[in-house]
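Below is one structure, written out as structure tokens, with a few remarks after it.
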Amino acid sequence: MTQPTDGKDAARQRLEDRVREHHGIDATRSRLREAVFGTQDGLISTLGALTGIAAGTQNSDAVVVAGFVILVVESLSMAAGSYLSSKSQREYLERLLHEEEEEIARDPEGERQEIWEMYRLRGYADAEIEIIAKRLMSNPRLLLEDMAHKELGISPQSLEEPLGNAAVMGTAYVAGGLIPVLPYLSLPMATAMPVSIAGTLLALFLFGGLKGRIVKQVWWRSGLEMLGVAGVAALAGFAIGLAVDRWVLR
């Protein structure tokens, strides 16, 4: 007599495990986005600033001090920006979920009708829809998840964590930004600048390759993609800097 209950418990456990796995995938996707953005921005923006300072001052101490100031200020700024943007998005999605929850409580029959319409469009038979509708209407939480997913394209379990995103963004920026700075700590200026540039370009390629491995892409192709995109951005920034120096500052 206990076997059906055991079967239901096992099925429920499998469902909960899948939900947790899906939530973990969403969190990883969010963290990966912040890590890629933070690391790439740390590499490129720090390299551009330090190369300009090094070329203008020819003073390693000034470059190192400026580099660490940039790392602290920019990493805090990037982390704050990530936190505020993630928090704003989360609050917006939470409002949509709250409105959907209120609609379910206010007009359950209207929600039942929407269930019928949605599943008919998906090709379900009436008998199947009746079973689905009965199950969903008996469980408000399950109904909210189903309607939010199908109507709004969101899941209550996939909301981003602002603090986690901010921590990843700030840490990634510092990790990336340290690479252009380190050569100026131990090498002569004439050597430090080309080593800083070469090391940053190599780091961009390797980080792009690592990202490719994570998302199951050809690693070297992903590395070249990141190197190319970042290289274009760096060249554009360098060209703008030259133009400003030539036509604005002089």
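The values are calculated or read from the model by the stated rules, or taken from the named source; none is laboratory data. Everything numeric here is computed off the predicted structure, so don't read it as measured data. Reconstructed Cβ throughout: ideal geometry from the backbone, glycine too, with neighbour counts over all protein chains shown.
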Requested in this report: Using the structure shown, decide if residue 103 is more than 30 Å from residue 173 (Cα to Cα), surrounded by 15 or more Cβ atoms within 10 Å (Cβ to Cβ), modelled with pLDDT under 95 and out of contact with any Cys (no Cβ under 7 Å at 6 or more places or on another chain).
Outcome: yes
Report task. Answer yes or no as to whether residue 203 is on the phi < 0 side of the Ramachandran plot and touching a Pro at 6+ places or on another chain (Cβ under 6 Å). Result -> no
Requested in this report: Please give the number of the condition residue 217 fails out of (1) within 30 Å of residue 107 (Cβ to Cβ); (2) free of Cβ contacts under 8 Å to residues at least 24 places away in the same chain; (3) outside any helix (DSSP H, G or I).
Outcome: (1)
Report task. Could you tell me which residue of the stretch 138-156 is nearest to the chain's Cα centre (by Cα), considering only residues that are more than 11 Å from residue 94 (Cα to Cα) and touching a residue at least 40 places away in the same chain (Cβ under 8 Å)? Result -> 152
Requested in this report: Could you tell me whether the stretch 130-137 includes any residue that is in contact (Cβ under 8 Å) with a residue 40 or more places away in the chain, surrounded by 12 or more Cβ atoms within 10 Å (Cβ to Cβ) and small (Gly, Ala, Ser)?
Outcome: no
Query raised in the report: If only one of 20, 33 is at pLDDT below 90, surrounded by fewer than 19 Cβ atoms within 10 Å (Cβ to Cβ) and within 14 Å of residue 173 (Cβ to Cβ), which one is it?
Result: 33
Requested in this report: Run down 242, 204 and say which single residue is part of a helix (DSSP H, G or I), of a type outside the set (D, E, K, R), modelled with pLDDT under 90 and not assigned by TED's automatic domain parsing to the domain that holds residue 68.
Outcome: 242
Report task. Identify the residue in the stretch 189-217 that is more than 25 Å from residue 61 (Cα to Cα) and small (Gly, Ala, Ser) and, among all such residues, is surrounded by the most Cβ atoms within 10 Å (Cβ to Cβ). Result -> 208
Requested in this report: Determine whether the stretch 161-182 contains at least one residue that is outside any helix (DSSP H, G or I) and assigned by TED's automatic domain parsing to the domain that holds residue 99.
Outcome: yes
Requested in this report: Go through (1) in a helix (DSSP H, G or I); (2) surrounded by fewer than 20 Cβ atoms within 10 Å (Cβ to Cβ); (3) without any contact (Cβ under 8 Å) to a residue 40 or more places away in the chain and name the single condition residue 124 misses.
Outcome: (1)
